[in-house]
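Take a look at the structure below.
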Amino acid sequence: MAAARRSGESRSRCCGRLIDTGIWPEAASFSGKALGTSAPPSSDRYRPYRVGSRIRIRKADGNLFTGTCETGQRFSAQSCTTKIVGARSFGVGWRAGVTAADVDDFSPP
C-alpha cells in the first residue's frame, strides 16, 4: 500500500490476495457461531449468514461479500461459521505438481 501511495496510484486499484495452505476449523482462533439463514438486523449488520449454498456478509464499505464453503476431506459445510465465511480448494493444479510421496496430510479435492 505504501508503494501505491508514493506512486500516486489510487488505493482502490490495489488488491490483496492470500493463498493459504490450509486452516484448522477446530482451532480456537477459528471458533465461531453457526451461520444463520436470515439477514441480520441493522443492529448486527456485519454478521455473516447463509443464502442457499452461499455465505454473505456486509463489508464496512457497504458492499456485500458473497462466498462459498467448499467441502473436502474432514471439512464439511458446517465448518464455515461466523469466523470462516468462505473456503475454496484448488487441488487439481496442486496435484499436477506433486507426487504421491509428497503428500503427507490431506489432499485437497
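Just so it is clear, none of the values below were taken in a lab; they were calculated from the coordinates. Since this is a predicted model, take the numbers as computed values, not measurements. So basically every Cβ, Gly included, is an ideal-geometry build from the backbone, and we count neighbours across all protein chains shown.
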³J(HN,Hα), Karplus 6.51/-1.76/1.60, whole Hz, each residue of region 22-30, x for Gly, Pro: x, 10, 10, x, 7, 5, 4, 5, 9
Cα-based Rg / Dmax (Å) for region 52-103: 14.7, 47
Difference of contour (0.36 nm per residue) and Cα-Cα distance, K33 to N63: 8.5 nm
Nitroxide proxy distance, nm - points 7 Å out along Cα→Cβ at Q73 and W94: 0.9
